[in-house]
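For reference, the structure is listed below as structure tokens.
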Amino acid sequence: MASILISSSEEYSGKSSICMGLGKIFQDSGLKVGYMKPVGNLLIDVHGSLTDEDSEGIKKLLGIEDPAKYITPIHLTDSLIDDALKGVEKDLDEKLIEAYSIISKDKDIVFVEGTGGIGGGSMYGLSDPEIASKLGMKMLLVTRFDSISAVDRILCDMRIIGNNEMLTGLILNEVPLNMVDRVSDLVVPFLEKKGIKVFGTIHEDDTLRSVFISEIVEDLHAEVLVAPDKLDQLVEHYLVGAMEVGSAIKYFRRQPNSAVITGGDRADIQMAAIESRVKCLILTGNMRPSGAVLASAEEAEIPVILVRGDTMDTIERMENLIGHAHIKQQVKLNRVVELLKNHLDIPAIAESIGVELK
């Protein structure tokens, strides 16, 4: 049985996507795949039990039948943190090893997802390198290449890992299109001279950064006023309607697949957004639009949602939502698999883990 811990320099690097995509590729090759996220840091309630949002999504999309209490045996609660700071022993190592022994039974490979950044969990002895060491596995590092400073983060991560032999290699994720050549020509050779194997670079992708309108409704606690049957569409960008109506239409049309955020009293902007065929109209301040706006949106089949918060609060929530959305739908998993096959050396990853793809 083979295993690998997928770690990262920072949160929202794409660890879950990589776990899910590789898991699907290895499943399609005929291998029996297991998955763990030992420390759950995105806690949600599922049927009265606490579990992790990432692990629950991966469990469903990969059809994994292992119980959630073993997939994520440790929950990052305030109580856990307080006990760690007080020096209270919690038998976390025993829970980790017991869960892994159950998850790995009858599996060909187990993907273990790290928690947050690579050093997260050090206070209670469960940073990513510590988990990998305790479970006897190597690590695969995923880094979101948002700027050249990602190179510094990678080199610092190597110091945290300590033992270079523990790292199988690196995936550079979400590389901006305007930096692709520089990364390929300069960054990758630099890292490989440092002894870091780079398995590939994945470009930024609008589909993976996008969110379903239904997710926006859920996150904003919004009321759907029009087109409740059209919430399964993807929104790639958000735009703020705070300009003169003459400029608004040009602005909206430059960014397709967008949601427009505007005040509930801006009927002119609302009509401009509908005319521009935006994906969704988000009205702030709990101010209902006019009947004419609702009728136009209904005819165009454009969802109109109403939120209680003001425009600035709504912008902040949308900023956090787009680009940080969790993969819960098959369409996104399909896109992840496509990207990994096109941009990563999958056979080399398999060989580094110790499995052979069919």
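The values are calculated or read from the model by the stated rules, or taken from the named source; none is laboratory data. Remember, it's a predicted structure, so these values are computed and weren't measured experimentally. Cβ: placed from backbone, ideal geometry, glycine included. Neighbour counts: every protein chain shown.
Structure notes:
- The set of residues in segment 342-354 that are surrounded by fewer than 18 Cβ atoms within 10 Å (Cβ to Cβ) and either outside any helix (DSSP H, G or I) or in contact with a Cys (Cβ under 7 Å, 6 or more places away or on another chain) (or both) comprises ASP345, GLY354.
- One residue from LYS37, LYS59, LYS95 being charged (D, E, K, R) and surrounded by fewer than 20 Cβ atoms within 10 Å (Cβ to Cβ): LYS95
- Condition broken by VAL142, with the remaining ones in (1) part of a loop (DSSP other than H, G, I, E, B); (2) modelled with pLDDT of 95 or more; (3) of a type outside the set (S, T, N, Q) satisfied: (1)
- Taking each residue of segment 274-300 that is within 16 Å of VAL217 (Cα to Cα) and looking for partners that are polar (S, T, N, Q) and surrounded by 23 or more Cβ atoms within 10 Å (Cβ to Cβ) with beta-carbon atoms closer than 7 Å, six or more apart or interchain, yields LEU281/GLN270; ILE282/THR314; LEU283/THR262; THR284/THR314.
- Flag if GLY14 is on the phi > 0 side of the Ramachandran plot and either in contact with a strand residue (DSSP E or B) (Cβ under 7 Å, 6 or more places away or on another chain) or modelled with pLDDT of 95 or more (or both): yes
- The lone exception for ALA295 - which of (1) part of a helix (DSSP H, G or I); (2) surrounded by 14 or more Cβ atoms within 10 Å (Cβ to Cβ) it fails: (2)
- Selection from segment 112-164 of residues that are under 23 Å from the mean Cα position of the chain (by Cα) and of a type in the set (Gly, Ala, Ser): GLY114, GLY116, GLY117, GLY119, GLY120, GLY121, SER122, SER127, ALA132, SER147, SER149, ALA150
- Taking segment 33-50 as the range and being of a type outside the set (A, V, I, L, M, F, W, C), touching a residue at least 24 places away in the same chain (Cβ under 8 Å), farther than 20 Å from ALA2 by Cβ and assigned to a strand (DSSP E or B) as the test, only GLY40 passes.
- Of the residues making up segment 252-273, none is modelled with pLDDT of 90 or more and of a type in the set (Lys, Arg).
- Residue check for ILE102: within 20 Å of the chain's Cα centre (by Cα), among the β-branched types (Val, Ile, Thr) and modelled with pLDDT of 90 or more: no
- Taking the conditions (1) touching a helix residue (DSSP H, G or I) at 6+ places or on another chain (Cβ under 9 Å); (2) part of a helix (DSSP H, G or I) in turn, ARG153 satisfies each one other than (1).
- Taking the numbered list (1) surrounded by 19 or more Cβ atoms within 10 Å (Cβ to Cβ); (2) closer than 25 Å to ASN320 by Cβ in turn, LEU5 passes all entries but (2).
- Of the listed requirements (1) among the hydrophobic types (A, V, I, L, M, F, W, C); (2) closer than 30 Å to ALA259 by Cα; (3) without any contact (Cβ under 8 Å) to a residue 24 or more places away in the chain, VAL188 misses just one: (2).
- Qualifying residue in segment 121-131 (condition: among the charged types (D, E, K, R), in contact (Cβ under 8 Å) with a residue 24 or more places away in the chain and farther than 19 Å from SER9 by Cβ): no
- Of all residues in segment 62-100, those satisfying the criterion of being assigned to a loop (DSSP other than H, G, I, E, B) and polar (S, T, N, Q) are THR72, THR77.
- Enumeration of residues in segment 251-292 that are within 14 Å of LEU225 (Cα to Cα), in a loop (DSSP other than H, G, I, E, B) and either among the acidic types (Asp, Glu) or within 31 Å of the chain's Cα centre (by Cα) (or both): ASN286
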